[in-house]
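Beneath this line is the structure, given in structure tokens, with notes to follow.
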């Protein structure tokens, strides 16, 4: 069964992710759009650098045109946030994006974004899934087809997006204080965006993994410490002020401080929120997923701003961006967007805002983090991925339902079941147990005032799971 998770449908190429299934999903999307009276508005078709993504996008777009829906097809692989911007900028009905983001190279995926530019909410993906099931029940199979010529347009989506960034990123501050930085494109769609913008501002930008390689060097194209040891070495050995990275579809960011130290996404989110409020004077609250740092809560209390907590998935966070309620929305999985920007994760603007912050403040990320800790106190976070065996998966609901009154010698003050099971302890530290929406894993999220306390919480969390 073709199912849409937190970020669309993902599957192994040539197993479930086939041209036949992509055409079937595209037909279901076309039927959905027509039912919503959106069949006369164009749909953006984009793709990442994965194996044959451009051809899968063309196949999906061809089906849409055969159903009478105009298609705007990107002339090159394109970041997910650029697709989101294009939907809004052109008042399109939505987009079909062939991407599996940071998943391993054997995966590909199809993500549908509606007219809002945000990730599709559950009611939309459920409606599309129902149409897929109806088509499958009828035995519907579509033969390969070419796009309908007069309904097919091709364009470079970069220029309009980059021009729009000038209203959100202070290009003059970048130009006034050029730095020597490294950029890791992770063989993905971010090349020609982060590096180009900084280079045009006079920065020296040395790029690693900027070529297209569908195998991603045999790794996951994820901007994490585990997947970027070579990049961290590069930043340290090259004496760069900063290291910037984006994932396969450039909706996630990775930041490496001077000296080669990886900075967690949670710390980056807190720094960017602080910078947006203090330096840019943006008004509004902050929204975060249930798995994201409470540093944002501490800063919000300091500034007298509201905090909104959502389930995991930027489709929930993006709603607050759309409603103009927040200065910033973020997820610990390295996704953020800001007031007035797209309601979608954007690794490009995240990298540029960090670069702007370092340039304008004249300090390293580590120094800025020390300033933040002196303001609201330190918090450190960790995420542990635990593989789900069939037996463990069957036992998991019962384990999560057993809420303890005490963990690691501290009282449980609050149990939050918004998404998974989150135990907030009396000292403000917390644990969250949550099955992954995209992989056969249960994720254990932790946050505490020190690394030593994190170690204690990790062991306590594993004991609660019986491992």
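Worth pointing out:
- Prolate/oblate/rounded label for segment 43-100 (Cα gyration tensor, a/c 1.5): oblate
- Mean residue ellipticity, 222 nm, helices only, the chain: the sum of -39500 (n - 2.57) across DSSP H runs of n ≥ 4, divided by residue count and rounded to 500, is -11500 deg cm²/dmol.
- Label point distance in nm, residue 150-residue 213, each placed 7 Å from Cα along Cα→Cβ: 4.7 nm
- Sorting 395-402, 50-57 by their mean Cβ neighbour count within 10 Å, with the most densely packed peptide first, gives 50-57, 395-402.
- Against the rule of thumb 2.2 N^0.38 Å, how large the Cα Rg of segment 1-91 comes out: 1.06
- The convex hull built on the alpha-carbon positions of segment 138-217 has an orientation-averaged projected area of 9.5 nm².
- Fully extended contour minus Cα-Cα distance, from residue 133 to residue 206, at 0.36 nm per residue: 21.5 nm
- What the Cβ-Cβ distance of residue 233 and residue 173 gives, at R0 = 35 Å and to the nearest 0.05, is a FRET efficiency of 0.75.
- Value in Å of the Kirkwood radius, where segment 234-379 supplies the Cα pairs that are averaged: 15.0 Å
- Relative to one another, the C-alpha centroids of segment 364-412 and segment 423-466 are positioned 3 Å apart.
- The calculated Kirkwood hydrodynamic radius for segment 293-369 is 13.4 Å, given to one decimal from all distinct C-alpha pairs.
- Rounded Å value of the spacing that divides the Cα centres of segment 52-110 and segment 312-338: 22 Å
- For segment 9-160, the alpha-carbon radius of gyration amounts to 0.94 times the rule-of-thumb value 2.2 N^0.38 Å expected for a compact globular protein.
- Across segment 323-467, the mean sequence separation of Cα contacts (distance under 8 Å, 6 or more residues apart), normalised by length, yields a relative contact order of 18 percent.
- Most simply put, the chain has about 60% antiparallel DSSP beta bridges, counting only bridges with both residues inside it.
- Å³ per residue enclosed by the Cα convex hull of segment 380-465: 86 Å³
Readers should treat all values here as calculations from the given coordinates under stated rules, not as data from a laboratory. Note that this is a predicted model, so its numbers are computed, not measured. Because the Cβ atoms are built from the backbone with ideal geometry, glycine has one as well, and the counts that use them run over all protein chains shown.
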